[in-house]
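K.L.:
Quick one: the structure is below, questions incoming.
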Amino acid sequence: PSAIYLKDYKVPPFLIDKTELTFELDEATTVVTSKLHMRRNPDSTENTAPLVLDGGEDVKLVAVAMDDYVLPSGEYQLVDNQLIITATADNFVLTCETLIEPQNNTRLEGLYRSSSMFCTQCEAEGFRHITYYLDRPDVMSVFTTRIIADATKYPVMLSNGNEISRELQEDGKTSVVWHDPFPKPAYLFALVSGNLEVKNDTFVTQSQREVKLQIFTEAHNIDKVDYAMEALKRSMRWDEDVYGREYDLDIFMIVAVDDFNMGAMENKGLNIFNSSCLLASPETTTDDTYLRVEAIVAHEYFHNWSGNRVTCRDWFQLSLKEGFTVFRDQSFSADMHSDTVKRVEDVSFLKTAQFAEDAGPMAHPVRPASFIEISNFYTLTVYEKGAEIVRMIHTLLGAENFRKGSDLYFERHDGQAVTCDDFVAAMQDASGVDLTQFKRWYSQAGTPQIRVTDEYDAQSQTYQLTLQQETPATPGQPTKLPLHIPVRLGLIDESGNALSVSSSGHVSDEHLLELTEAEQVFEFTQVATKPVPSLLRGFSAPVKLSYDYSSADLLLLLSSDQDGFNRWNAGQQLAVNELNTLIEQAVAGETLSLTSNLVEGFKSLLQDASLDPAMVALILNLPSQAYLSELAQVIHPNAIKQARQYLKKQIAESLQADFAQAYQQHQVTGQYQAEAKDIASRSLKNLALSYWLESGDDAAKQVVVAQFESADNMTDQFAALSIAVHHGHDKADDLLDAFYQQWQNEPLVVNKWLMLSASREQEDAIAKVTALMEHEAFDLKNPNKVRSLLGGFGQNIAAFHQVDGSGYQFLADQILVLDKRNPQIASRLCTPLTRWKKMAPELSVKMKAELERIMANELSKDVYEVISKSLA
Ligand code: B3K
Ligand code: ZN
């Protein structure tokens, strides 16, 4: 397999003005007929280039004709899944008939079967598995789609746009035609057909147009779509209010499918969702999942403008739509719930997972310069770091100018396929803010590090901050240039009061510094007393910032900073410092002992009634195994685990009474609601319960069982179960069994059970996971189940990191099996193994050996790219 490069981009030599498709649906063999109204692209210099259409090894060409002239086999070639026609006119209609096999499509790209229905997934390059096409996002076409099927089996037949006809044919089949007036690239094409139930609603847009809203599921799930429907309406309203964006078709449809490689897909007018990201009910869905459903419904809806009306020129520009849309959905969720809680959760995820990616062998810029398989680049870097870039633009421009910029972007590029540069240019042109240097964020990989030192002069009441930035080398990028980094900060005095100080003639208790040099000094005057700096408020840039805080400084920030995000961050830093000391002790084989006053800090948090319980829970939740691994120079998984367990126990024992009390205090009464206030109480209550049980109090044991048995919602029931499983409750086995018995007919709940069971630390964990793969609840064909079971196993530190390498071997075996069925899923499973260089030496060699074993096989492009780059 070979790489393709951004620098080689050329405009397409041909365009497709209209695309007419006919699907004669059949499980075994579906006939696809396409009529492509094509012409040479006047903007291309390659005016004698042959016509090259993309296909797939699973597409069988039956016939091809040009303007009704059926091409004999000598007048076209099939090479490497491409259809090549040398002699073409300037304008012509190309007709192709192809055969595809939906029921044998295990990659879940193109047209495939999911339980009883037909559905599609075409992003990024899935359309070529349906028929030969110019399968690239800068070829935008107006689609008309005819679906012919047996309506007794498949009464619902959907595609993009509006339904324009439905008729019964002479042969007894039904023929339905859909027309989408908005030109779109093939990756936004969708088709769904099945025996589905529908929930209907309407939305009246700001210009008073009535839009029909429909959510389709299989019959047994239709009672779980109310929350998604409400979330959709909130998203539609929010996009009008905040971005001035109105929905443009008369109908908007969402379909839930059980087998889906990712979360969801923003096909024009017909979003397709993984059922795990759409369905919700209090009894079966946890708070986290409720929020996720809302965020993903919003995300896919927002793509209608940021992605569909304005799309990407090429796949290197993926973050143009993904980074921007993630920023939009994050802002939406913040507005619906708590701004600070949302920011903490997003940053925590970024620092754990995206920072690890940016420091690993697959590190790449937000706008990658090359790839072997684009599916591998739907990454945390493109999505989450991409969103941070847009957020920094928002910070640098201010809300008002940012809105002017987004208005200009949508107006200037409506109906076009554009680049990240076009996005930045609109922001710059609308605001007058120079973003030239800022654009380096798109092309430089790696997490920048900022070192901060300070100096206070009491006499002149001046305070100086020196900021140095450096971005580490990443694969293919040995040296880096300084970035344009917004650093939001405030200064506080020793009692925790905000200091109003002057910087560049501007007096305020908060300032925005713009770091653009490798080293820069910022001066503040009128600083009455030696301050403690509260740096990078709200995490104003995706960087690793270090400043030599004392424990006392951190406790002060934790208790008094005006910025809620930085209070959390100070708490995290205190815990990280303590844990790192414990990890060192564990690695050295010493007896563990605490060195800081973290416990006292936590005690006052628990007793501070003025705080949002959600924030208290977030702060008391110890830094994860994964985050500590990201921070480590060399990862010692067992030492990290030991350190976390020890610290948790110390805190639990010291504050036993406080946790017992917090548990009682934060009970939620009344009907279940997925709203910030209740979610906050449940999160603190359940966190308190986990500490309380860890403290060894027998009363807590009974409370765990009682909560499991009496809970009227999945959040509380599953929290009780997880606590029992992870804290060695003697009833853990019974509860796991009871849970399965209760929920065996709810696949999404069973998936949670699979994940929890696989993550349970036991002597014979690998055998247990192997047995689960044979369990009736497991199905290798279903991506959600694979993710649950193998994802859970990845969190099972003792099992996955067995010193004999058997955990790695087990995962490698599964990757090899899955690669034959579904390369995208196989490739994603490789991630834990790619971290081998950072592992403790005895583990590192074992991991590497498994990578080499995988590499010795015939691999998909997807897995090949990840494994070969990891070994490089
Ligand atoms: N755009 C899709 C992702 C497509 C998956 C590619 N393999 C979902 C989203 O980001 O909205
Ligand atoms: Zn997206």
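K.L.:
If you take just the helices (runs of 4 or more DSSP H) that sit entirely in region 316-396, which of them hold at least 2 residues that are within 13 Å of ligand 1 (Cβ to nearest atom)?
P.N.:
Hits in region 316-396: 318-336.
K.L.:
Another question, then. Going by the conditions given, is Glu411 more than 15 Å from ligand 2 (Cβ to nearest atom), surrounded by fewer than 24 Cβ atoms within 10 Å (Cβ to Cβ), within 20 Å of Val310 (Cα to Cα) and not β-branched (Val, Ile, Thr)?
P.N.:
yes
K.L.:
Val11 passes all but one of (1) of a type in the set (A, V, I, L, M); (2) under 20 Å from Ile84 (Cα atoms); (3) part of a strand (DSSP E or B); which number fails?
P.N.:
With respect to (1) of a type in the set (A, V, I, L, M); (2) under 20 Å from Ile84 (Cα atoms); (3) part of a strand (DSSP E or B), Val11 is out only on (3).
K.L.:
Related question: Name the pairs: first residue in region 325-349 and under 18 Å from Arg237 (Cβ atoms), second residue within 16 Å of ligand 1 (Cβ to nearest atom) and hydrophobic (A, V, I, L, M, F, W, C), Cβ to Cβ under 7 Å, at least 6 apart or on different chains?
P.N.:
If the second residue must be within 16 Å of ligand 1 (Cβ to nearest atom) and hydrophobic (A, V, I, L, M, F, W, C), the pairs left are Thr325/Phe302; Arg328/Phe302; Asp329/Ala295; Asp329/Ala298; Asp329/Phe302; Gln330/Ala387; Phe332/Ala298; Ser333/Ala295.
K.L.:
Moving to a separate point now. Can you work out which of the residues in region 819-847 that are surrounded by fewer than 16 Cβ atoms within 10 Å (Cβ to Cβ) and in contact with a helix residue (DSSP H, G or I) (Cβ under 9 Å, 6 or more places away or on another chain) is farthest from Asp358 (Cα to Cα)?
P.N.:
Looking at the filtered set, the residue picked out is Lys820.
K.L.:
Hey, among Ser319, Ser276, which residue is within 14 Å of ligand 2 (Cβ to nearest atom), in contact (Cβ under 8 Å) with a residue 60 or more places away in the chain, under 30 Å from Val863 (Cβ atoms) and of a type in the set (S, T, N, Q)?
P.N.:
Ser319
K.L.:
When you scan region 457-467, do you find a residue that is small (Gly, Ala, Ser) and away from ligand 2 (no atom under 16 Å from the Cβ), even just one?
P.N.:
yes
K.L.:
Further, regarding this structure: Taking Ile85 and the conditions (1) over 30 Å from Lys785 (Cβ atoms); (2) within 16 Å of ligand 2 (Cβ to nearest atom), which numbered condition does it fall short on, given that it satisfies the others?
P.N.:
Among (1) over 30 Å from Lys785 (Cβ atoms); (2) within 16 Å of ligand 2 (Cβ to nearest atom), the lone unmet condition for Ile85 is (2).
K.L.:
Condition first: crowded, with 19+ Cβ neighbours inside 10 Å, in contact (Cβ under 8 Å) with a residue 24 or more places away in the chain, among the aliphatic types (A, V, I, L, M) and out of contact with any Lys or Arg (no Cβ under 6 Å at 6 or more places or on another chain). Can you find one or more residues in region 470-486 that meet it?
P.N.:
Within region 470-486 (the criterion being crowded, with 19+ Cβ neighbours inside 10 Å, in contact (Cβ under 8 Å) with a residue 24 or more places away in the chain, among the aliphatic types (A, V, I, L, M) and out of contact with any Lys or Arg (no Cβ under 6 Å at 6 or more places or on another chain)), the answer is yes, since at least one residue qualifies.
K.L.:
Given (1) within 16 Å of ligand 2 (Cβ to nearest atom); (2) not in a loop (DSSP other than H, G, I, E, B), identify the lone condition not met by Pro137.
P.N.:
The single condition Pro137 does not satisfy is (2).
K.L.:
Return the total of residues in region 532-555 being in a helix (DSSP H, G or I), touching a residue at least 60 places away in the same chain (Cβ under 8 Å) and more than 18 Å from Leu483 (Cα to Cα).
P.N.:
Qualifying residue count, region 532-555: 1.
K.L.:
State all residues of region 495-515 that are small (Gly, Ala, Ser), surrounded by 14 or more Cβ atoms within 10 Å (Cβ to Cβ) and either under 35 Å from the mean Cα position of the chain (by Cα) or within 17 Å of Thr525 (Cβ to Cβ) (or both); if no residue qualifies, say none.
P.N.:
Residues satisfying the conditions are Ala498, Ser500, Ser502, Ser503.
K.L.:
Moving to a separate point now. Restricting to region 128-183, count the residues that are free of Cβ contacts under 8 Å to residues at least 24 places away in the same chain and crowded, with 18+ Cβ neighbours inside 10 Å.
P.N.:
Of the residues in region 128-183, 1 are free of Cβ contacts under 8 Å to residues at least 24 places away in the same chain and crowded, with 18+ Cβ neighbours inside 10 Å.
K.L.:
With respect to Ser34, is the statement that it is of a type in the set (S, T, N, Q), surrounded by 13 or more Cβ atoms within 10 Å (Cβ to Cβ) and part of a loop (DSSP other than H, G, I, E, B) true?
P.N.:
No; evaluated as a whole, the condition is false for this residue.
K.L.:
While we're here: Being in contact with a Lys or Arg (Cβ under 6 Å, 6 or more places away or on another chain), crowded, with 21+ Cβ neighbours inside 10 Å and at pLDDT 95 or above is true for just one of Val326, Val366. Which residue is that?
P.N.:
Val366
K.L.:
Mind listing whichever residues of region 443-473 are part of a strand (DSSP E or B) and closer than 17 Å to Leu350 by Cβ?
P.N.:
Scanning region 443-473 gives Gln449, Ile450.
K.L.:
When you go through Leu829, Leu843 one by one, which is the residue that is away from ligand 2 (no atom under 16 Å from the Cβ), under 24 Å from Asn784 (Cβ atoms) and modelled with pLDDT of 95 or more?
P.N.:
When all the criteria are applied, what remains is Leu829.
K.L.:
Kindly indicate which of Ser443, Ser431, Ser504, Ser508 is closer than 24 Å to Ile393 by Cβ and modelled with pLDDT under 95.
P.N.:
Answer to the selection: Ser504.
K.L.:
Follow-up question, since we're still on this one. Give Lys869, Lys846, Lys838 a once-over and let me know the one that is touching a strand residue (DSSP E or B) at 6+ places or on another chain (Cβ under 7 Å) and over 26 Å from Gly110 (Cα atoms).
P.N.:
Lys838
K.L.:
Quick check on Ser338: is it more than 13 Å from ligand 2 (Cβ to nearest atom) and within 24 Å of Ala190 (Cα to Cα)?
P.N.:
Considered against the rule, which asks whether it is more than 13 Å from ligand 2 (Cβ to nearest atom) and within 24 Å of Ala190 (Cα to Cα), Ser338 comes out as no.
K.L.:
Name every residue in region 88-124 that is within 16 Å of ligand 2 (Cβ to nearest atom) and outside any strand (DSSP E or B), in order of residue number.
P.N.:
Within region 88-124, Cys122, Glu123, Ala124 meet the criteria.
K.L.:
Only one of these is basic (Lys, Arg) and farther than 26 Å from Leu631 by Cα: Lys530, Lys480. Name it.
P.N.:
After ruling out the rest, the residue left standing is Lys530.
K.L.:
Just to be sure I understand the filter: pairs with C-beta atoms under 9 Å, separated by 6 or more residues or on different chains, first member in region 722-751 and among the basic types (Lys, Arg), second member part of a helix (DSSP H, G or I). Which pairs pass?
P.N.:
If the second residue must be part of a helix (DSSP H, G or I), the pairs left are Lys731/Lys701; Lys731/Val704; Lys731/Val705; Lys731/Phe708; Lys731/Ala724.
K.L.:
Could you tell me which of the residues Lys837, Lys848, Lys861, Lys820 is within 26 Å of the chain's Cα centre (by Cα) and free of Cβ contacts under 8 Å to residues at least 60 places away in the same chain?
P.N.:
Lys820
K.L.:
Could you please tell me which pairs satisfy a Cβ distance under 9 Å, a separation of 6+ or placement on different chains, a first residue in region 372-391 that is away from ligand 2 (no atom under 14 Å from the Cβ), and a second residue that is at pLDDT below 95?
P.N.:
Pairs that qualify, where the first residue is away from ligand 2 (no atom under 14 Å from the Cβ) and the partner is at pLDDT below 95, are Ile372/Pro1; Glu373/Pro1.
K.L.:
Same structure, new question: Suppose we filter region 277-305 for residues that are within 10 Å of ligand 1 (Cβ to nearest atom) and not in a helix (DSSP H, G or I); how many remain?
P.N.:
Of the residues in that region, 1 qualify.
K.L.:
Just to verify a result, which residue in region 108-127, among those that are of a type in the set (D, E, K, R) and surrounded by 23 or more Cβ atoms within 10 Å (Cβ to Cβ), is farthest from Thr311 (Cα to Cα)?
P.N.:
Glu109
K.L.:
Do we find that Val297 is more than 15 Å from ligand 2 (Cβ to nearest atom) and touching a residue at least 40 places away in the same chain (Cβ under 8 Å) in this structure?
P.N.:
no
The values are calculated or read from the model by the stated rules, or taken from the named source; none is laboratory data. Please read these numbers as outputs of a predicted model, since none were measured by experiment. Quick reminder, even Gly has a Cβ in these numbers, built from the backbone with ideal geometry, and neighbours come from all protein chains shown.
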